[in-house]
Amino acid sequence: MTTKQLPELNAYLDTHHLEALATPAEQARGLTGACYGNDFYALEQRDLFPRTWAAIAFGADVPEPGDLVCWMFAGQMD
């Protein structure tokens, strides 16, 4: 996701922050503090999570092969 695709991100993340998101996990840093408020949460729910995959469980969370487990994630039930 880039600020060109979602211009509202410009209010929260500059180029430096976006570049940091592409670093390997062992070098990762948290997002800027502005990303931990209600407005950014609403932006994530509306424009980010519906467009991307998100890991929300482990295989051990599913009792048997072929079983399904429903989760509420970012305001959506999957």
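Computed from the coordinates by the stated procedures, all read-outs in this text should not be read as laboratory data. Computed from a predicted model, the values in this text were never measured in an experiment. Here the Cβ positions follow ideal geometry from the backbone for every residue, glycine too, while neighbour counts run over all protein chains shown.
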Difference of contour (0.36 nm per residue) and Cα-Cα distance, Asp14 to Ala42: 8.2 nm
For segment 7-77, the charge dipole (Cβ of Lys, Arg +1; Cβ of Asp, Glu -1; about the Cα centre) points to a positive end, and the Cα of Gly37, Leu48, Pro24 closest to that extreme belongs to Gly37
Per the Cα gyration tensor, the chain corresponds to an equivalent ellipsoid with semi-axes, largest first in Å, of 28, 16, 11
Mind putting a number on the dipole of the chain about its Cα centre? Charges go on the C-beta only, +1 for Lys and Arg and -1 for Asp and Glu, and I need it in Debye to the nearest 20. 260 debye
